[in-house]
Amino acid sequence: MYAFYSLLVYIFYTVFKKEEEETLQGEHDASPDEPGPVTMETRSKRSDGHTPRMGKKACAHLSESSSSSDGDELSDEDEEDDLVKPACTPLAAFLSFKQEAEKRRTPPLQTTSLTESPLVAVMSHLLSFLEQYSHFQQLQQQADQYRVQLKRHRVQHRRQMKALRSSYRQRLRDKNNIISSLEEAVSQQQSPSPLSEGESSSNIGTPAGVHRLVESLYGLQGERSKLRGELHLLHSQLEQKEQDRHSHIRAFQQQIDELKSCIEEREEELSRLRTATGATDSEKRVLCLSAENESLKQSLSVTQGLLQQLSTIPSQSSNMLIKENENLRSRVQQLESSLQQRAEQVSQLERRSEQSEWRRAEELRKREDRMRELQLELDREKGKEPVVKYVTQTVEVESAATVKQLNKARQRNEVLAERLSNQNEHCRQLEEQIRKSDEYSCNLQHKIAAYEREITKLREELLKEIGHLEERKEEAVRAAASCSADHFQNLQDQFFTLQKRLTALPPTLRSMKTDYASLRSQVRNFSEFYGSAINEAKKQIAAAINQMSEANKDLLEKYRKEVALRRKYHEQLVELKGNIRVLCRVKPVLKEDQHEEGQSVVVAIDPNNESSLTVLTKGKGRVFELDKVFQPQATQEEIFQEIEPLVTSSIDGYHVCIFAYGQTGSGKTHTMEGTVENPGINQRALKHLFHEIEERKDMWSYNVSVSSVEIYNEVLRDLLSKDGEKLDIKINPDGTGQLHVPGLRVIEVNSFQHIKKILATARRNRITFGTQMNQHSSRSHALLCITVQGTDLATGSKTTGKLNLVDLAGSERVWKSGAEGERLKEAQNINRSLLALGDVIQALRARQTHVPFRNSRLTYLLQDSLGKGSKTVMVVQVSALESNVGETLCSLKFAQRVCKVELGPAARKIESGVGQCD
Ligand SMILES: Nc1ncnc2c1ncn2[C@@H]1O[C@H](COP(=O)(O)OP(=O)(O)OP(=O)(O)O)[C@@H](O)[C@H]1O
């Protein structure tokens, strides 16, 4: 390694030594007239500030050769000196590098981490550098020679030109003198002098004298024109010479430019090589700085372009913003006006609602007063049936009126709800619009922020550029001291142009600044105004929504109150009448029922009294008082209207039983089941049930389950199961004491459509046969049991309501129906179970401690619905025909007995979150 370094140092030393020797040799060999190549030493000395030998020689030579020249030539010499000077700088740098290398050679070699391959690389770089450098030197020398030759030629040419010019001028001056003297002479001859007047007069007087004078004058004039021609010729020659000189100068200048470009190329190559071979940091820095300078120049031009663009952008964007601002302002005004309209509508609705509420409250107060009066009257005259009936009728009338009013209120509520939904939709649209406006404003602010950033960036760049230019100016001023006059002039020109550009820039910047400031203030004002307008609009919308929701809440509250009141009235009514209600439906006389011609109708109904019915028997009219008697033409809907409140009670957690009783063929199945086109109580009740559940879904959640059984010949059968297995009635092992049927299929239903299918299945599975009295006689009691379990969403309390819909088998007189065999057995079982039902009713009416529920499957199964705290409705079906008068009387007598049963106040089956409280 040491050997390698020694070799490297030796190579360096040898190369530089050789160069020094060559330089010294060149110096000694150089003649004073022809300056030799400029050596490293001379250049280094020049760079160090010493008088260069070569410079001295050149100066001596030039001063010798131009001893007769004027001040212009001296300036040319200076110029030559300046032309030579820049070539010394790289050489000086290289020499300093060499000195450093020599310095490094002296200390002992340190341990180095260089391996063989980097050293080889360094050596190869150095060799290539030396090679390049020698080539560069040659080029420099050539350039110097060319420069000196050019200078010499130029000086010689100028001298020649000056000499020529002066000789021609001299000659011209001589000729002019001659011409002027001749002209003087001629003028003297033409104007006779007063001193020689006598002599002249004597000469003029002779023709020979005059002739001589004229001849001499002509001769002089000819000579003069000749001289003028010569002068012209000289002038043209001079011009030609001048042109030649110019062409020579141009050619030389061209050669100099080519050489300069060649030198620049070489210098660039050398700088590249230097960078590659590990040039000093300062050189690298210079290169980087020059590159940065170039990039800054480019960025300055880009910046200027951007500034020009930006000077136009703010005005455009500000116009856009102003337009947008106006649009948004108008939009906000529209929103405000629409909000005002909505607020007015809401206030109108509120006023109307208040008025209707006030009227309703007034009516309710009156009704309550009336109820109280009636109650008092009832209490006073308890036991007097007519009064009860009167009260009942009055309450019914009032209840019907309340129902109508409630329907109206419901319709009004629906309209209001629709309006509210419209309002909500509009509010949503407004909110959407506001949201979009917000987004747009946000985008604008982003754009403005981007502009701001760009402007700050540009400003920073501009300031940097100004600083850079200032630095360059200072550098130029510094360099001016050492530069030639032309170069200084160029720099000065550049500086002035830059200064002009700098002075031209601020107005643009100022205008841009003012534009930007105005735009920013506009945007700030706009965003403030827009933000406040949006906030105001939002507040108004929120207030309107609150008002609407308040109004809606009020209406809902009123509606709930109305419903609760209605329920209360109904309960009061039921309690007044007793918890068993008996309705009577008279079957219309159908063609198929008139087995014998001329059968008369024995049942009469008073159109003014809906609760009494008269049966003509044996010439006498027997009046039966029931809760309600329906005309033969009464529709299924009318029947259901009467039952509807009880169905609602089952949702509230009451046990309700609705059963149809009557002789065979009297229309029980028609009333309970109906037909597909004209459904009966079962379907309507379930429909109503689901409707009520839907209405209460905000406060309650319900589970509805259904089971269906038939009791045929005292045997319990599942109507929803195909296997027809016998079922048994047992006490529920859960300890509640309630009955249940193990193995009974209970289906949970969640829609009316679902339950329709279940009803169809039950109907299909029920046993029917044709009898003399009914072609499709139901030979069993059918029970449809609906259990409604409700959960209060607010409190968590649970209710369990039951709705038993019973289609009893028809009682029949065996002798009359002609039943035999199986039909006879069926009829006997049917009659037995109906008798058991009668016994139960009797026991309940008589308030016996023991009620024989277990005497039949029917009564056992209906125990829950016929017991205390239940609500029961019996629809007694009667035929109006004379042939059925006996059965009609029996049914009506039974119905009247049922009417007298008191089940006591109905109890709601409700279970709180903690325990059960019936
Ligand atoms: N109100 C009515 N309007 C029209 N038709 C009726 C009415 N009531 C009953 N009917 C008709 O009378 C016939 C017998 O009625 P339904 O089967 O309902 O009697 P029922 O009491 O159920 O008899 P059973 O006890 O034998 O089953 C049916 O064809 C039915 O359509």
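The gain in end-to-end length when the R453 to K241 segment is fully stretched comes to 69.8 nm, 0.36 nm per residue minus the alpha carbon separation. Using the Cβ-Cβ distance between Q492 and R159 with R0 = 22 Å, the FRET efficiency computed as 1/(1 + (r/R0)^6) comes to roughly 0.10.
To the nearest 0.05, what FRET efficiency results for Q138 and Y218 with a Förster distance of 56 Å applied to their C-beta separation?
Details: r = 70 Å, r/R0 = 1.26.
Here the calculated transfer efficiency is 0.20.
Read the figures in this text as sums done on the coordinates, not as results from a lab. Note that the coordinates shown come from a computational prediction; the quantities given were computed from them, not determined experimentally. Cβ: placed from backbone, ideal geometry, glycine included. Neighbour counts: every protein chain shown.
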